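A.B. asks: I'd like to ask some things about the structure below.
The values are calculated or read from the model by the stated rules, or taken from the named source; none is laboratory data. In this text, all values refer to a predicted model and were calculated from it rather than measured experimentally. Because the Cβ atoms are built from the backbone with ideal geometry, glycine has one as well, and the counts that use them run over all protein chains shown.
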Amino acid sequence: MSVSHGDVVLVALTALAGLGALMAFRSGARGAYRVARQTQEVTRMGATLGRALAVGAVIVGVQWAVVSFTTDPRAWGVILGVPALFAGSALARMFTVTELVRGPGSDRRGWR
C-alpha cells in the first residue's frame, strides 16, 4: 500500500485542526469565545474578499468588452471613468477621519 502526498497533507491538516480545537477547549470559555470571534472575523474577511474579487472581475470584463468592441472615446470615458470615481470615493472615505476617540481618563471635552 503506497501513501500519496495528498493523504499525508490531509492527515497533517486534521491533526493541526484537532490540536487547535483542543487548545480552544483547554483555554476555557473566555478563550474559546475569543477564538470563535476571530474565526468569524476571518470568515467575514474571506467572504468580503471573494465578493470584491467577483465584482472586480465583472468590472474588468465589461471594460474589456467596451474597449475592444468600440472606438467611441465617450464610451471609453464612461466605462473607465465611472469605476474610477467609485474607487476614488471609497478611498476618500477610507482615509477621512470622522470621529475623535477619547482615551480613558479624559473628561467630557476630551481634555485632561
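A.B. asks: For segment 43-83, which positions are within 20 Å of the chain's Cα centre (by Cα) and surrounded by 11 or more Cβ atoms within 10 Å (Cβ to Cβ)?
C.D. replies: Matches in segment 43-83: Val55, Gly56, Ile59, Val60, Pro83.
A.B. asks: Which residue out of Gln38, Gln63 is at pLDDT 85 or above, assigned to a helix (DSSP H, G or I) and out of contact with any strand residue (DSSP E or B) (no Cβ under 6 Å at 6 or more places or on another chain)?
C.D. replies: Gln63 is the lone residue from the list that is at pLDDT 85 or above, assigned to a helix (DSSP H, G or I) and out of contact with any strand residue (DSSP E or B) (no Cβ under 6 Å at 6 or more places or on another chain).
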